[in-house]
1. Would it be correct to say that ALA130 is exposed (fewer than 11 other Cβ atoms within 10 Å of the Cβ) and either modelled with pLDDT of 85 or more or among the hydrophobic types (A, V, I, L, M, F, W, C) (or both)?
2. In the range 133-158, which residues are of a type in the set (S, T, N, Q) and at pLDDT 85 or above?
3. Kindly indicate which of ARG194, ARG94 is over 30 Å from GLN81 (Cβ atoms) and in contact (Cβ under 8 Å) with a residue 40 or more places away in the chain.
4. Can you say whether SER141 is under 43 Å from the mean Cα position of the chain (by Cα), in the same structural domain as LYS125 (by TED's automatic domain parsing) and not acidic (Asp, Glu), as far as the supplied structure shows?
5. Condition check: modelled with pLDDT of 85 or more and of a type outside the set (Ser, Thr, Tyr). Does GLU121 satisfy that?
6. Please go through the range 44-62 and pick out each residue that is surrounded by fewer than 13 Cβ atoms within 10 Å (Cβ to Cβ) and under 41 Å from the mean Cα position of the chain (by Cα).
7. For the range 119-164, give me each residue that is part of a helix (DSSP H, G or I) and among the polar types (S, T, N, Q).
Amino acid sequence: MNLHALRIFAKVAETKSVTQTADVLSLTQPAVTAQLRSIENEIGFRLFKRNGRGITLTEMGKILYPYARQVFEAEKEVEYQITLLQNGKKGRLRIASTYVPLNFLLPDWLAAFKTSSPQTEIELKSGNSAQVLESLLQYESDVAIAVIEDLHHEEILTSHLTNLSYDFIVPADHPLNGKTVPLERLSQEPFLMREEGSSTRDKLFS
């Protein structure tokens, strides 16, 4: 079915006037009439009948009009949803994050984001630096947030968010507690470390 003719039919059914429809749609009256005849010829039924000085819907017109409205209401809804997606107001945002940003940075950021974009679905995935970057490269995530220094990768666009400081933690009764010692001395102590692939572990070894 010719949607342009269907749109004109729906507008004439709404205004009950060929003249008014022509003005609203910036068309000539003969053009409106021609489109009405076109759709009537296509379906094989008359859609309007004269009623005094105006026109009214025939029985077939009354059947067709609600469906025509549904078509164009759906069209407006599609356009609205596309606008939301284009403006980042709706859709699914998949975030892969290492543990520190996930627990200490993302909660506030995502709360603010959901306030401005309540219809956006957020999917979170956690892992070490190597895992979240791999998730990004495999298109399993849209954004990766990781504690990484000087990342250079031709397929990844990076943006610096914030600086983090690192501290060595010892028990209160440890002989090095509260002391400033050379790294050589510190390296003689046993460590509890993150797993392979962790940027924190890599930073310690470097």
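The values are calculated or read from the model by the stated rules, or taken from the named source; none is laboratory data. For clarity, every value in this text was computed on a predicted model and none was experimentally measured. Virtual Cβ from ideal backbone geometry, glycine too; neighbours counted across all protein chains shown.
1. Values: exposed (fewer than 11 other Cβ atoms within 10 Å of the Cβ): no; either modelled with pLDDT of 85 or more or among the hydrophobic types (A, V, I, L, M, F, W, C) (or both): yes.
Against the criterion (exposed (fewer than 11 other Cβ atoms within 10 Å of the Cβ) and either modelled with pLDDT of 85 or more or among the hydrophobic types (A, V, I, L, M, F, W, C) (or both)), ALA130 does not qualify.
2. So in the range 133-158, the residues of a type in the set (S, T, N, Q) come out as 135, 138, 141, 158.
Answer for the range 133-158, where residues must be of a type in the set (S, T, N, Q) and at pLDDT 85 or above: SER135, GLN138, SER141.
3. On the way: ARG94 fails: over 30 Å from GLN81 (Cβ atoms).
Exactly one residue qualifies, and that residue is ARG194.
4. Numbers: under 43 Å from the mean Cα position of the chain (by Cα): yes; in the same structural domain as LYS125 (by TED's automatic domain parsing): yes; not acidic (Asp, Glu): yes.
Yes, satisfied.
5. Values: modelled with pLDDT of 85 or more: yes; of a type outside the set (Ser, Thr, Tyr): yes.
The answer is yes for GLU121.
6. Narrowing the range 44-62 to residues surrounded by fewer than 13 Cβ atoms within 10 Å (Cβ to Cβ): 44, 49-54, 59, 62.
If the condition is that a residue be surrounded by fewer than 13 Cβ atoms within 10 Å (Cβ to Cβ) and under 41 Å from the mean Cα position of the chain (by Cα), then LYS62 is the only one that fits.
7. At the first step, the residues of the range 119-164 found to be part of a helix (DSSP H, G or I) are 129-137.
Selection gives SER129, GLN131, SER135.
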